[in-house]
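Novice: If you scroll down you'll find the structure; I have some questions about it.
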Amino acid sequence: MATLVLAIVCCGIYPLIVYGIAQAAFPAKANGSLITDSNGTLRGSALLGQQFTGDKYFDSRPSSAGTGYDALNSGGSNLGPTSQKLNDAIKDRIADYRKKNGLKDTDPVPADAVTASGSGLDPHISPANAALQLPRVARVRGLSEQKVQELVAKYTEGPDLGILGDPGVNVLKVNLALDASNAKK
């Protein structure tokens, strides 16, 4: 009898109560923080990174999740700091990043531009990474750097609770805002 009561409470009543509270108090977060464009088309989640191709977009952080940004295969590469495969991949990413963004061979590259996060799905890049990509994005889109900087600032999220972690730029949000900005031109 105790097993039956606990099964009903723990597997039925409790989950329904938590679901109801989440839907009432935090509906957007409870439903995955989904983002739609101006046409109402679902474009992704503010919580998951995506790969963007083309010079008109800010590049996301590299991903090791499945074939890249695969939420079903979340995880890091599991390669350690002494791994030659990891070191070679980082060297290649640094060279590609510098070339794509018009940097000199001696210019520093932010770590988040060339290394994957632990989950492989981080939707944010550092403000320093965004600042290095900003001139390229502005030039290709025909926008002023100031306009692009305003959008980057708008979609830069501060540390959690004001003290936990570092600020980050949500790549999906800023790229969608840039697309909307170019559509208005």
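Bear in mind these aren't lab numbers, they're just calculated from the coordinates by the rules spelled out. Being a predicted model, the structure only gives us computed values, none of them experimental. Here the Cβ positions follow ideal geometry from the backbone for every residue, glycine too, while neighbour counts run over all protein chains shown.
Novice: Suppose R0 equals 22 Å. What FRET efficiency, 1/(1 + (r/R0)^6) with r the Cβ-Cβ distance, do Ala25 and Glu150 give to the nearest 0.05?
Specialist: Efficiency at R0 = 22 Å is approximately 0.10.
Novice: Another question, then. For Ala2 and Asn78, what does the FRET efficiency come to when R0 = 41 Å and r is the distance between their Cβ atoms, rounded to the nearest 0.05?
Specialist: After rounding to 0.05, the efficiency reads 0.45.
Novice: If we count every other residue with Cβ under 12 angstrom of Gly49's Cβ, Lys/Arg +1 and Asp/Glu -1, where does the sum land?
Specialist: The answer is -2.
Novice: With runs of 4+ DSSP H residues as the only contributors, calculate the mean residue ellipticity of the chain at 222 nm using -39,500 (n - 2.57) per run, divided by the residue total and rounded to the nearest 500.
Specialist: -13000 deg cm²/dmol
Novice: OK, next. What's the extension gain from Ala180 to Lys99 if we count 0.36 nm per residue and subtract their Cα-Cα distance?
Specialist: 26.4 nm
Novice: Work out which helices of the chain, taken as complete DSSP H runs, extend at least 15 Å along their axis over the Cα atoms and score a mean Kyte-Doolittle of 1.0 or more, then list them.
Specialist: Helices meeting the span and hydropathy rule in the chain are 14-25.
Novice: Non-local amide H neighbours of Val109 (under 5 Å, H modeled in plane, Pro and chain starts lacking H): which ones?
Specialist: HN-HN under 5 Å from Val109: empty list.
Novice: As a footprinting exposure proxy, order Phe58, Phe26 by other Cβ within 10 Å, with the fewest listed first.
Specialist: In order of increasing Cβ crowding within 10 Å: Phe26, Phe58.
Novice: Can you sort Asp166, Asp105, Asp122 by how many other beta carbons sit within 10 Å, fewest first?
Specialist: Arranged by neighbour count, lowest to highest, Asp166, Asp105, Asp122 become Asp105, Asp166, Asp122.
Novice: Debye sum, Cα scatterers, the chain, no solvent: what log₁₀ I/I(0) at q = 0.09, 0.12, 0.19 1/Å?
Specialist: So the normalised log intensities are -0.42, -0.69, -1.37.
Novice: Now for a separate question. Cα-Cα over 18 Å: which of Lys56/Lys104; Lys29/Lys56; Lys56/Lys173; Lys56/Lys100; Lys99/Lys173; Lys147/Lys173?
Specialist: Lys56/Lys104; Lys29/Lys56; Lys99/Lys173
Novice: Here's a follow-up. Nearest 20 debye, what's the magnitude of the dipole of the chain about its Cα centre given +1 on Lys and Arg Cβ and -1 on Asp and Glu Cβ?
Specialist: Dipole size: approximately 540 debye.
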